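This report concerns only the one structure given below.
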Amino acid sequence: MMTDPISDMLTRIRNAGTARHAETWCPHSKLKAAIARLLSDEGFIGEVREEVRDGHPILVMKIRYDETGKALIDGLRRVSKPSRRVYLGSEDIPKVRNGLGIGVISTSKGVITDRAARDASVGGEYLCEVW
């Protein structure tokens, strides 16, 4: 039994980038798929696709690297955890690394970045930070 599947997905992405793997995978869920698509749209990871292996759906994510071979994701941090949920209003959402990173927020309008949440004046659960 896994208590924090989002943290597991972020750790798989971090470890794959450190080990210079071309792609990584994790078990599929709607929330993890939304986070992965958001990271792909922001350019931190490459293509995200869904596959079925051994009868179970999985998410396959390509890891992006710069021209020197370093992973584009420099850091990941889980903010809201099962042991301590963090909910923020739109005016309380912090900038990640002075705007160089993104915060991922689960709102009533879906999973969006911190910039989009501030622009739309919506708050929600502050899931993680990526830079």
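The values are calculated or read from the model by the stated rules, or taken from the named source; none is laboratory data. Since the structure is predicted, the reported quantities are computational estimates derived from the model, not experimental observations. Here Cβ is always computed from backbone atoms with ideal geometry, including for glycine, and neighbour counts include all displayed protein chains. Keep in mind that these areas ignore ligands, DNA and RNA; they rest on the heavy atoms of the full protein, side chains included. Shrake-Rupley method; radii C 1.70, N 1.55, O 1.52, S 1.80 Å.
Each listed q (0.14, 0.18, 0.22 Å⁻¹) maps to a log10 I(q)/I(0) for the range 11-129 from the Debye sum over equal C-alpha point scatterers, namely -0.62, -0.98, -1.29.
The HN-Hα couplings worked out from phi for the range 114-131 by the Karplus form 6.51 cos²θ - 1.76 cosθ + 1.60 (θ = phi - 60°) are 5, 5, 5, 5, 5, 5, 8, 6, 10, x, x, 7, 7, 6, 7, 10, 10, 9 Hz, whole numbers, x standing for Gly and Pro. Within the accessible surface of the chain, defined with a 1.4 Å probe on protein heavy atoms only, the carbon and sulfur portion equals 48 percent. Using 13 Å as the cut-off for backbone N distance, which residues of the range 104-131 belong to the label zone defined by a point 7 Å from the Cα of Tyr87 along Cα→Cβ? Inside the label zone: 106-108, 123-126. Peptides 82-88, 10-16, ordered by how many other C-beta atoms sit within 10 Å of their residues on average, highest first, read 10-16, 82-88.
Computed about its Cα centre, the charge dipole of the chain is approximately 240 debye, with only Lys, Arg, Asp and Glu carrying charge at their Cβ. Residues in the chain average 56 Å² of solvent-accessible surface per residue, probe 1.4 Å, ligands and nucleic acids excluded.
Once the Cα atoms of helix 5-18 and of the chain are each reduced to a long axis, what angle between those two axes, in degrees from 0 to 90 to the nearest 10, is obtained? Around 60 degrees separate the two axes.
Which angle between 0 and 90 degrees, to the nearest 10, do you get for helix 30-41 versus the longest principal axis of the chain when only C-alpha atoms count? The angle comes out near 90 degrees. What distance in nm separates the simple spin-label points at Leu31 and Leu100, each placed 7 Å from Cα in the Cβ direction? Here the modelled spin labels are 3.0 nm apart.
For Glu23, the residues whose amide H sits under 5 Å from its own are Ile63, ignoring neighbours fewer than 5 places away on the same chain, with H placed 1.01 Å from N. Put simply, the amide H of Thr107, placed in the peptide plane, has neighbours under 5 Å in Ile112, leaving out anything fewer than 5 places away on its chain.
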